[in-house]
Every structure is written in structure tokens, then in C-alpha cells.
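For reference, the structure discussed in these notes is given below.
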Amino acid sequence: MYKKLANISFWNLVGSLINFLSNFVIVRFFGIKVFGEFSSYSAYISLGALIFIVLPPSYSVFKFQDDKDYKFIFANFFLSSSIVYILFLVALNLLNFISISIFISILYSLSLVWQNYFDVTLQAKNELGKYFIMMTVFAFVKILFILISILLNISFNFSNLLFVIGLSQIFTLFPYFFFERKVIFKSIYFFSKTFKYIKVNFMEFKGYYLNTGLKRIQEYSTILLFTPILSKEVLGYFSLFVKIISFVLGFSRILEMFFNVRDNINKFFLSANSKSNIISLLLQICFIITGLIYLYFLVGQFYLLQLVVLSFLFPLFTKSVFARAYFLSRYENIYLNYSSVFYIIINLIGFAFCDYFVLTSLNSILIVYFLSNSLSSYFLINKFNKSYL
């Protein structure tokens with residue numbers, strides 16, 4: 001277990017460090033506001049990407065392991081959903097919700113959602129190493145393409161940045177499409193079977209729809225709520241903190257993906273869960289040190305107090321990883337749904353408070369983010385302790 005996790009962690013670390021470097025380059029040449037634009041754009045396109053949860057990812061990971069024909073159904077589902085998603089992106093452009101060209105929007109957004117396809121398939125095959133190698137290659141290609149665009153004196157705007165990242169994603173995914181081509185081509189003949197499968201199992205999926213939909217809303221609710229009352233600069237700074245958290249959480253996400261395989265749950269779950277306090281302490285220290293270095297070099301300030309406060313989320317985040325893995329392996333999503341609803345409610349209350357009292361500083365949104373995550377995570381952990389222990 002530890003050798004495999006160490007190998008995966010290595011590739012995750014390399015990819016994350018390259019992404020950190022690319023973020024530094026982006027801020028240096030595109031400005032801090034670009035992260036605010038990026039967050040707002042991601043929130044919009046994520047709504048259309050909900051079509052890809054009709055076959056729920058968490059359900060699909062385990063179904064891959066239980067049904068040998070499911071891989072064709074899943075591939076056909078992604079092909080069919082891509083057509084619907086393209087129409088959604090075109091509608092967003094025509095209705096002026098997004099200002100970039102349709103071509104760039106499709107290039108970036110469609111290649112992004114297909115990363116999720118390989119996320120699910122590689123998890124199901126217990127080939128997490130290949131997934132993180134893919135993400136590392138993407139990070140390297142992305143910064144390479146960004147540097148090339150800088151050398152070619154391409155204008156530094158949000159649209160061109162999306163174009164460069166979209167090209168990087170296509171370039172990285174191409175070899176994976178090549179090795180998966182037989183499954184994807186054969187899946188074309190599974191259209192009617194895919195539609196029938198969804199129809200027959202729809203009632204079983206309802207809990208997953210709610211869970212994935214709530215999770216997506218949870219992920220973007222803070223940005224969607226606060227965009228009207230905060231400047232792009234403040235949103236950009238907030239996005240930097242979230243990126244640092246995501247960087248460190250990448251190590252706990254490895255555990256979450258690792259325990260999406262039943263064999264790993266049976267062999268290693270108990271021993272890994274017993275070491276969760278040590279894992280969370282290491283992540284907490286890593287977050288503070290990484291945040292201090294990254295923020296100082298990127299914006300010239302340490303934000304020590306904010307980093308220390310946010311670091312106390314990591315014990316909760318780490319324990320939540322085991323709670324989610326436990327409930328998902330048992331096809332029990334109800335407590336995950338309650339946790340997400342709890343998060344959204346706290347977020348709404350926090351936003352209403354900030355809006356009413358005109359609290360538009362960085363600290364305001366960070367406090368709301370901290371409270372939403374800590375209280376919703378505590379709820380999930382409490383239910384896990386009662387059910388598992």
C-alpha cells in the first residue's frame with residue numbers, strides 16, 4: 001500500500017508544483033484578476049457539465065468493477081453527453097453569459113470534462129498512477145504552452161489563456177484517447193443500450209444525482225454568491241487561497257481515490273483511518289509552509305493569520321475522506337447529501353450577512369468559506385463515527 005501511495009504521491013507532487021509555477025507565471029503576466037474571471041467562468045460552465053452526472057461518477061467507479069460491459073455504456077454516455085454540452089456552451093455564448101468565442105469555450109470546456117472520463121476509468125482499473133501521470137504531463141504542457149505564448153508576444157487576456165490551456169488539455173488527452181480508442185469506437189453501438197440502462201436504473205441514480213449536484217453547487221456556491229458584491233481582485237486573492245488548499249488536499253484526494261477500489265478498502269481502510277490524525281497534522285504544516293512561500297512570491301505578502309486559521313480545516317478534511325469512501329462503498333449517499341446541504345445553507349447565511357453589512361473584504365469571504373467547510377465536515381464525520389466505529 002505505502003509503496004503504491006508513495007509513487008502516486010510523487011507524481012501528484014510534481015504535477016502540483018508545476019501547476020503552482022504556472023499560476024505564478026499567469027499572475028505575473030495576466031494579473032491577479034484573471035483568477036477571479038476564471039472562477040466566474042468555471043462556475044457557469046460547471047452548470048452545463050451536470051449532464052455528465054446522469055451516470056454518476058462515484059457509482060460508475062464501482063460499477064466498472066462489477067459489470068464488464070459497463071465500460072461501453074459509460075463511454076457512449078460521454079460521447080452523447082458531449083453533444084448536449086456543446087449546445088449548452090453555444091447557448092451561453094449567444095445569451096452573452098460568457099464573452100469568449102464559441103470555439104475557445106468548446107475547446108477548453110469539452111477537453112476539461114473528458115478528463116473526468118479518464119478519472120473514473122483509471123480509478124476503476126486501480127491505475128491511479130496513470131491518472132496522476134496524465135495530470136503531471138498536462139501541467140508541464142500547460143506551462144510550456146503559456147511560456148511559448150509569452151515568447152510569441154500573444155496578448156495577455158483571459159480568452160487567450162483559456163485557448164492555451166484548452167490546447168494543453170487536448171494534447172495531453174490524445175494518447176489516452178488512442179489507447180482507449182477500441183472501447184470508445186465500440187461504444188458507438190451502445191447508444192440504445194445506454195439509454196435503456198439509464199431509464200431502468202434511474203430510481204437508483206436519484207440519490208447520486210442529488211449528491212453530485214449538491215457537491216457541484218457546494219464547490220461553486222461561494223464564488224457564485226459573492227461575485228456580485230466582491231471585486232475581481234478580491235475574488236482573485238480568494239481563488240489563490242483555494243488553490244493552495246487544493247494543492248495540499250491533493251495528497252488526501254489520493255487516499256480518497258485509492259479507497260474507491262473495494263480490494264483496497266478491505267485490505268487497508270482500517271489501518272489508514274487509524275493514522276488520520278498524523279496525516280492531517282502533516283497536511284496542516286504543509287499548508288502553512290506552502291502558503292507562506294507561495295503567497296509571498298506571488299503577491300508579496302504572507303497572510304500568516306489567514307493561513308493558520310484555514311489550516312484547522314485539514315483535520316476535518318482528512319477525516320471526511322474516510323467518511324466519504326465508507327459511505328460511497330456502501331452506496332449510501334444520504335449523509336453526503338446532508339453535509340452538502342449544510343454547507344450551502346451556511347454559505348447562504350454568510351453571504352446574506354456580508355451583503356447586508358457591506359462586508360466585502362478578503363477576510364469576509366474566507367471566514368464564510370471556513371465556517372461552511374468546518375461545520376459541514378464535522379456533521380459528516382460525526383455520522384461516520386456513529387456508523388463505522
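In whole angstrom, how far apart do the alpha carbon centroids of segment 88-143 and segment 4-74 sit? Going from one Cα centre to the other spans 7 Å. Each of CYS286, CYS354 has some number of other Cβ atoms within 10 Å of its Cβ, and from fewest to most they run CYS286, CYS354. Its residue count N sets the reference 2.2 N^0.38 Å, and the alpha-carbon radius of gyration of segment 1-200 equals 1.09 times that reference.
Each Lys or Arg adds one and each Asp or Glu takes one away; over the other residues whose Cβ falls under 12 Å from the Cβ of SER377, this sums to +3.
log10 I(q)/I(0), Debye, Cα-only the chain, no solvent, q = 0.07, 0.12, 0.13 Å⁻¹? After summing over all Cα pairs, the log10 values are -0.31, -1.03, -1.25.
Take every Cα pair under 8 Å whose residues are at least 6 apart in sequence, average their separation, divide by the length of the chain, and the relative contact order is 23 percent. Ranked by how many other Cβ atoms sit within 10 Å of their own Cβ, fewest first, the residues LEU310, LEU110 fall in the order LEU110, LEU310.
Evaluated at q = 0.17, 0.29, 0.31 Å⁻¹, the base-10 log of the normalised Debye intensity for segment 1-51, with identical point scatterers placed on the Cα atoms, takes the values -0.74, -0.96, -1.01. For segment 1-200, the relative contact order works out to 35 percent when only alpha carbon pairs closer than 8 Å and six or more residues apart are counted.
The protection proxy used here, the mean number of other Cβ atoms lying within 10 Å of each residue, ranks peptides 271-279, 212-220 as follows, highest first: 212-220, 271-279. Would you please report the Å³ per residue occupied by the convex hull of the alpha carbon atoms in segment 257-328? Considering the Cα atoms of segment 257-328, their hull volume per residue is 91 Å³.
Using the rule -39500 (n - 2.57) for each DSSP H run of four or more residues, divided by the residues of the chain, the 222 nm mean residue ellipticity is -29000 deg cm²/dmol.
In terms of the mean number of neighbouring beta-carbon atoms within 10 Å, the peptides 63-75, 233-245 order highest first as 233-245, 63-75.
Using a cut-off of 29 Å between Cα atoms, the listed pairs LYS68/LYS130; LYS193/LYS267; LYS63/LYS186; LYS130/LYS182; LYS130/LYS196 include LYS193/LYS267; LYS130/LYS196 as exceeding that distance.
In this Cβ point-charge picture (+1 for Lys and Arg, -1 for Asp and Glu), the chain has a dipole of about 900 debye about its Cα centre. Couplings for segment 338-354, taken from phi via the Karplus curve 6.51 cos²θ - 1.76 cosθ + 1.60 with θ = phi - 60°, read 4, 4, 5, 4, 4, 4, 5, 4, 5, 4, 5, 5, x, 5, 4, 5, 5 Hz in order; Gly and Pro are left as x.
Residue ranges 125-137, 145-157 sort as 125-137, 145-157 when ordered by packing (mean number of other C-beta atoms within 10 Å per residue, highest first). Projecting the alpha carbon convex hull of segment 46-124 along each direction and taking the average yields 4.9 nm². Take the Kirkwood radius over Cα pairs of segment 206-389, plug it into Stokes-Einstein at 4 °C and 1.567 mPa s, and you get 75 µm²/s for translational diffusion. One quarter of the surface of the convex hull around the alpha-carbon atoms of segment 300-370 equals 6.0 nm², the direction-averaged projected area.
Each value in this text was obtained by applying a stated rule to the coordinates, not by laboratory testing. Owing to the predicted nature of the structure, the values given are computational and were not obtained by experimental measurement. Positions of Cβ are generated from backbone atoms using ideal geometry, with glycine treated the same way; all protein chains shown enter the neighbour counts.
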